[in-house]
Amino acid sequence: MFRTDPETPDVFLTPVEEVFIRSHLARHSGLDADTWTLTVEGLVERPLRLDFRALQGLPQRRFTAVHECFGNPLRPTVPTRAVTNVDWVGVPLAEVLELAGPRPEARHVWLEGADRGDFAGESGVSYLKDLPLEEARTEVFLAHRMNGEALRPDHGYPVRAVAPRMFGTNSVKWLTRVVLAAERPEHLFTTRLYTRVLPGESEARPVREKDVSSKLLSPPDGATVPAGAAELAGYAWSSTEVTAVEIAVDDGDWQPAELDGRGPHPSWQRFRLRYDLAPGPHRVRCRATDSAGRVQPLDGDRNAVHEIRVTAAVSGRPAGR
Ligand SMILES: Nc1nc2c(c(=O)[nH]1)N[C@H]1C(S)=C(S)[C@@H](COP(=O)(O)O)O[C@H]1N2
Ligand SMILES: [Mo]
């Protein structure tokens, strides 16, 4: 499932055809790049309408980022572990905001896609998200390439927002409208869904920064592997850098795994641990800690510790006989 990009062997990128697709409204076939426009309106000095050519004429950035779905917004604590690592090319939203000139009263940036449909009992809704102006200015890109190719229709062709430190829900596909406003928008996907109360807090807040999390990928869940020395490995990620990953086999102690640094981009970090697996079935768990001091909970939340089952077999005969 996860391969190494031959051009950049230290960065692990998920091939486009393996990136999940999450579209809440009618499935969109993508817009026409020749007629696509992005409007920038609301509390701005110079309302704008940019076409694709104008967007391509603005400064471009290339960055790698974890692209993770928060999960079903109707079941916000259930883990889905839909996570990938993607190389994007796009224009910083700041460049476009600069052209439009936000007025001093502007506090929030609304990002709207072209898709319309029905969700959670509401009909004819659009896909709308919002961020505080300062975060939108420093963190959002208008991306048009994914792993070296134009965005595919399902991923938001021709242009989508990407908020690299945040959950995928904030990365609005088929982006056509940016609004600067004094208030947050009252909307299905901004104030009614995609809010949550974090542990230790009492007020619900919007689903934005990613949680600390990790996933065991090798050996694959359910695999039978040779008994003896094995490499237990996977990826860890968070909105900040991951500083430690520990692995526990069966009821053994948590042991520190070797962990790659994050580098300049918010990509995921590989971890690995050599472990001597005795013959028989095993439960393997991993737990990440980030530089903000957050640790994955053992259970009960969407980023709970990931667990796989593997069987170690002595060669020539199945385990346990
Ligand atoms: N316009 C629009 N943008 C959207 C969505 C959507 O339904 N419509 N889904 C969001 C969610 S919940 C996620 S996880 C990501 C998924 O992006 P992908 O389908 O390219 O993987 O897009 C986000 N942006
Ligand atoms: Mo999502």
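The values are calculated or read from the model by the stated rules, or taken from the named source; none is laboratory data. Just so we're clear, the structure is a prediction, and the values are computed from it rather than from any experiment. Virtual Cβ from ideal backbone geometry, glycine too; neighbours counted across all protein chains shown. Keep in mind that these areas ignore ligands, DNA and RNA; they rest on the heavy atoms of the full protein, side chains included. Shrake-Rupley method; radii C 1.70, N 1.55, O 1.52, S 1.80 Å.
Within region 75-89, the set of residues being more than 12 Å from ligand 2 (Cβ to nearest atom) and either closer than 14 Å to PHE141 by Cβ or aliphatic (A, V, I, L, M) (or both) comprises VAL78, VAL86, ASP87, TRP88, VAL89.
Checked against (1) in a strand (DSSP E or B); (2) open to solvent by 10 Å² or more (accessible area, probe 1.4 Å), LEU180 passes all but a single condition, namely (2). Within region 100-130, the set of residues being within 16 Å of ligand 2 (Cβ to nearest atom) and closer than 15 Å to LEU48 by Cα comprises just one member, LEU111.
When PHE189, PHE167, PHE119, PHE141 are checked against the criterion of being touching a residue at least 12 places away in the same chain (Cβ under 8 Å), in contact with an Asp or Glu (Cβ under 8 Å, 6 or more places away or on another chain) and among the aromatic types (Phe, Trp, Tyr), a single residue qualifies: PHE167.
Here is a check on your reading of the model: is PHE141 within 16 Å of ligand 1 (Cβ to nearest atom) and surrounded by 22 or more Cβ atoms within 10 Å (Cβ to Cβ)? Yes. When GLY252 is tested against (1) over 20 Å from VAL66 (Cα atoms); (2) open to solvent by 50 Å² or more (accessible area, probe 1.4 Å); (3) in a loop (DSSP other than H, G, I, E, B), exactly one condition is not met: (2).
Keeping to region 209-235, report how many residues are more than 28 Å from ALA313 (Cα to Cα) and either modelled with pLDDT under 95 or open to solvent by less than 10 Å² (accessible area, probe 1.4 Å) (or both). Can you show your working first?
Of the residues in region 209-235, the ones more than 28 Å from ALA313 (Cα to Cα) are 209-213.
When the remaining residues are screened for being either modelled with pLDDT under 95 or open to solvent by less than 10 Å² (accessible area, probe 1.4 Å) (or both), the result is 210, 212-213.
Counting residues in region 209-235 that are more than 28 Å from ALA313 (Cα to Cα) and either modelled with pLDDT under 95 or open to solvent by less than 10 Å² (accessible area, probe 1.4 Å) (or both) gives 3.
The number of residues in region 158-173 that are within 10 Å of ligand 1 (Cβ to nearest atom) and open to solvent by 20 Å² or more (accessible area, probe 1.4 Å) comes to 1.
From ARG285, ARG262, which residue is over 25 Å from ASP87 (Cα atoms) and of a type in the set (Lys, Arg)?
Within the list ARG285, ARG262, the selection yields ARG285.
Checked against the criterion of being under 22 Å from THR14 (Cα atoms), assigned to a strand (DSSP E or B) and of a type in the set (D, E, K, R), region 234-245 contains not a single residue that satisfies it. Exactly one residue out of ARG107, ARG116 is closer than 19 Å to THR191 by Cα, in contact with a Ser or Thr (Cβ under 6 Å, 6 or more places away or on another chain) and open to solvent by 20 Å² or more (accessible area, probe 1.4 Å): that is ARG116. Applying the selection to region 90-99, what residues are open to solvent by 10 Å² or more (accessible area, probe 1.4 Å) and either within 14 Å of ligand 2 (Cβ to nearest atom) or not small (Gly, Ala, Ser) (or both)? Those that are open to solvent by 10 Å² or more (accessible area, probe 1.4 Å) and either within 14 Å of ligand 2 (Cβ to nearest atom) or not small (Gly, Ala, Ser) (or both): PRO92, GLU95, GLU98, LEU99.
From ARG272, ARG283, grab the single residue that is under 30 Å from the mean Cα position of the chain (by Cα), part of a strand (DSSP E or B) and under 28 Å from ARG165 (Cα atoms). Explain how you work it out, then say what you get.
Details: ARG283 fails: under 28 Å from ARG165 (Cα atoms).
Matching residue, one of ARG272, ARG283: ARG272.
Applying a threshold of 8 Å to beta carbon distances and a minimum spacing of six or more residues, or different chains, the list of pairs starting in region 3-27 at a residue that is farther than 21 Å from SER218 by Cα and within 16 Å of ligand 2 (Cβ to nearest atom) and ending at one that is at pLDDT 50 or above and assigned to a loop (DSSP other than H, G, I, E, B) reads ARG22/CYS69; ARG22/ALA82; SER23/LYS173.
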